[in-house]
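Comments concern the structure below.
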């Protein structure tokens, strides 16, 4: 268990004290409602702003990866409240607000033959379920909106309900190609749910609990005060983290798995008939899903709100969570700017023939690790060695079979 | 508490009943999924969190996909409204009679039972306890269910993979 | 090994990212309108008319309204009205001049055929592209005074081409001058031979000075 000196520190408890102060002011019958409403509003506000800055960060980061600048001249609106018109460009950081105004004022075109109720409900359902997944992420030592026993199961349940909304979007447009694309998107999402959940099972096996807060607390120790005991630094944890990363990319329809929403694939897939604010809602749901999955990855593998070294614990836990979350999102943006898109058959093959067997082997690996936790001294080296071998050898073997039968690509005209 | 139960019951039963009434097949399927979500809400009301989340994960997340895929892949035109007239008046009369008698039997049973609060304690329903119970006292059942699921999966794979000869350009 | 390509790719994009901050060759963005790319010499948009003298652009147009470009223009966007009188051109010869010369640049497709067929090197392609108009029909219709630009402007925008055109025109003029001088000298020699033949007791023949025409540039 981690040492608790900063537990009662002022910065750690500051958000809770603030909420309690506001709740005390209100009359007693509505205090429980106010308590939860303040939590919900705080999470929505923080992650709404996070979403806005993820979009501009993504555009600027992708631009720099591609040797160009991103948007850098959005600046302030002409009719700002300041008495003079400031001409500073703000380096383009107000771009998301400009995009929001654009999305809100665009004409909302609904096809005449569309199923109006479902067409309206689909973006609402997808955003609602994407937001619901934030309820069980521990943002700080005392900052978890709802602390339930089966938190991981809740997370995956809410995440899998978003797939229904994608089907609704594809079907309600009354567009053959939207429906086809929605079916393909569903096939992708269902294929990658299995590796996603299987990569998390070793964590549950080792910690013996489904509660996210307990999992974070279990990663709290440091060896020699310097090396954290995060699960990503164990062999099975590293393999699980890689599988989790790939599955999270696929679950949120993000490059290189963005076949459902690529422009050259059936226009925009299941989003073809959506415009204006409904499209912005789908976009928002995709980013919320990505942020929630990154948050879960941080919680399960990267130690959640734990600091990496013992002497860095004076920085509040929620700042560590945010830093790690930003790190993961930057990595996802980096991967987006680097890798090519996969075809639907390539990505389903990757899931079923590569990731699922590796994830199952990883569960066995974690079981071995858990059973040999009593080994010490030179046996620790044996333990690490066997664990690493169980990961590396199947990876190389299955990697060979994954690309078997395909000759290396030769390009006639490219150098 | 009772208000919540009434709300959940109205949601569940209302969506199931509307699913029977509507002509559009996809709308019926989606309302059926809504009633499954209502069942999950009921489990939450009753304090069984694990079962509620499992219900959402399995029913709303997976079985709904199966239902929708099956409907879409087997219907010719989806927005034709299913005809609402019954085959004959005799069949309609028989359906009404049977439905009324089933409802009567259930109502009579419910009204004649006295629902006393039990003196036993509610079981400890933490995830850890559920896991231990499954593995220890119901271990055999769990293994048999696992075997059945594996057989079903293998059978589905065999059925899906039988016509490999028809696609010669399939790599490996 | 599986995944080595991905790692290499990630390294390449990381190098791009870090390089774009300190290596000016990597960041290829040109921030228009504060910075502009240099247009190639052969870039063209719509035509303009060349005048010899910058002080009198409309009076010293090279165009003699032969109407060839109007006939050859594929979308027929040139409208010329020939003048009734003649004015001396750069070599002193009286020529017609265009009273009205309109080009509808919203129709012009920049094919450069008018430039290719002009016998007098009087119409050339301009490079201006930042044009906007508030009126759909007459906003982009350029008249004679908007189209007339001096030869120095032509040198500025197409230096190589303008130097070549000027050299050719000067060589043509010199060849014409030489021919005129040779013709005049031959005529003078013939006149002198005719003069000396009949008169044997005449004085020294009067040599007539050849006419030298002054060329104004």
Exposure proxy check on B:5, B:44: fewest-to-most Cβ neighbours within 10 Å is B:5, B:44
Here the whole-number average of other chain Cβ atoms within 10 Å per Cβ of A:153-163 is 6
Under Stokes-Einstein, region A:138-286 at 4 °C and 1.567 mPa s, with its Kirkwood radius over C-alpha pairs, diffuses with a coefficient in µm²/s of 75 µm²/s
Distance in Å, no decimals, from the C-alpha centre of region A:84-137 to the one of region C:141-198 is 70 Å
Expressed as a whole-number percentage, the relative contact order of chain B with C-alpha contacts under 8 angstrom and at least six residues apart is 16 percent
With Cα coordinates, the longest principal axis of chain C makes an angle with the long axis of helix C:4-22, in degrees rounded to 10, of 60 degrees
Gyration tensor (Cα only) of region C:92-140 to equivalent ellipsoid, semi-axes in Å sorted down, yields 26, 15, 9
What helix-only [θ] at 222 nm does chain C give? Using -39500 (n - 2.57) per DSSP H run of at least 4, over all residues, to the nearest 500, the answer is -11500 deg cm²/dmol
Quick calc, residue A:310 & residue A:330: beta-carbon distance into FRET formula, R0 30 Å, rounding 0.05, result 0.70
The rounded separation in angstrom of the Cα centers of region A:355-415 and region C:25-95 is 72 Å
Of all DSSP beta bridges with both partners in the protein assembly as shown, the antiparallel percent, nearest 5, is 85 percent
Whole-Å distance linking the alpha carbon centroid of region B:1-61 with that of region A:261-332 is 30 Å
Computed on Cα atoms, Rg of region A:371-415 relative to 2.2 N^0.38 Å comes out at 2.04
Once normalised by the length of region A:39-128, the mean sequence separation of its alpha carbon contacts under 8 Å that are 6 or more apart gives a contact order in percent of 20 percent
Volume per residue (Å³) of the convex hull spanned by the alpha carbons of the protein assembly as shown is 344 Å³
Taking every DSSP bridge whose two residues both lie in chain C, the antiparallel percent to the nearest 5 is 80 percent
Mean other chain Cβ within 10 Å across B:46-58 is 4
Mean 1/r over distinct Cα pairs of region A:214-324, inverted to a Kirkwood Rh in Å, yields 16.0 Å
Using alpha-carbon positions, the gyration tensor of chain B gives root eigenvalues a ≥ b ≥ c; with a/c under 1.5 called rounded, otherwise prolate if a/b exceeds b/c, else oblate, the class is oblate
Ranked output for segments C:114-127, A:199-212, B:115-128, A:13-26 by mean other Cβ atoms within 10 Å, highest leading, reads A:199-212, C:114-127, A:13-26, B:115-128
Counted neighbours (other Cβ, 10 Å), sorted fewest up, put A:230, A:384, B:36 in the order A:384, B:36, A:230
extent check for region A:151-192: Cα max minus min per principal axis, descending, whole Å, gives 38, 18, 5
Protection proxy (average C-beta count within 10 Å per residue), highest first, orders A:346-353, B:100-107, A:220-227, A:293-300 as A:293-300, A:346-353, A:220-227, B:100-107
Neighbour-count ranking for C:43, A:279, A:411 (other C-beta within 10 angstrom, fewest to most) reads A:411, C:43, A:279
1/(1 + (r/R0)^6) with r = Cβ-Cβ of residue B:113 and residue A:367, R0 = 60 Å, i.e. FRET efficiency to nearest 0.05, evaluates to 0.80
dims of region A:46-143, Cα set, principal axes, largest to smallest, nearest Å -> 48, 46, 36
Chain C: spread of alpha-carbon positions along the three principal axes, whole Å, largest first, is 114, 45, 32
A student applying the Cα gyration tensor rule (rounded when a/c is under 1.5; otherwise prolate if a/b is larger than b/c, oblate if not) would label chain A oblate
Expected sort for A:145-151, A:180-186 on mean C-beta neighbours within 10 Å, highest first, is A:180-186, A:145-151
Counting other chain Cβ atoms within 10 Å of each Cβ in A:166-172 and taking the mean gives 3
Given a Förster distance of 45 Å, the FRET efficiency implied by the Cβ-Cβ spacing of residue C:166 and residue A:88, rounded to the nearest 0.05, works out to 0.35
Only helices counted: for chain B, with every DSSP H run of 4 or more residues adding -39500 (n - 2.57) and the sum spread over all residues, [θ] at 222 nm is -22500 deg cm²/dmol
Contact order relative to length for chain C, counting C-alpha pairs under 8 Å separated by 6 or more residues, stands in percent at 21 percent
Residue C:194 and residue B:149 label points (each 7 Å along its Cα→Cβ direction) are spaced in nm at 12.3 nm
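Each reported figure results from applying straightforward, stated rules to the coordinates on display, with no laboratory input. Everything quoted here is computed from the prediction, not taken from an experiment. We place every Cβ from the backbone using ideal geometry, glycine too, and count neighbours over all the protein chains shown.
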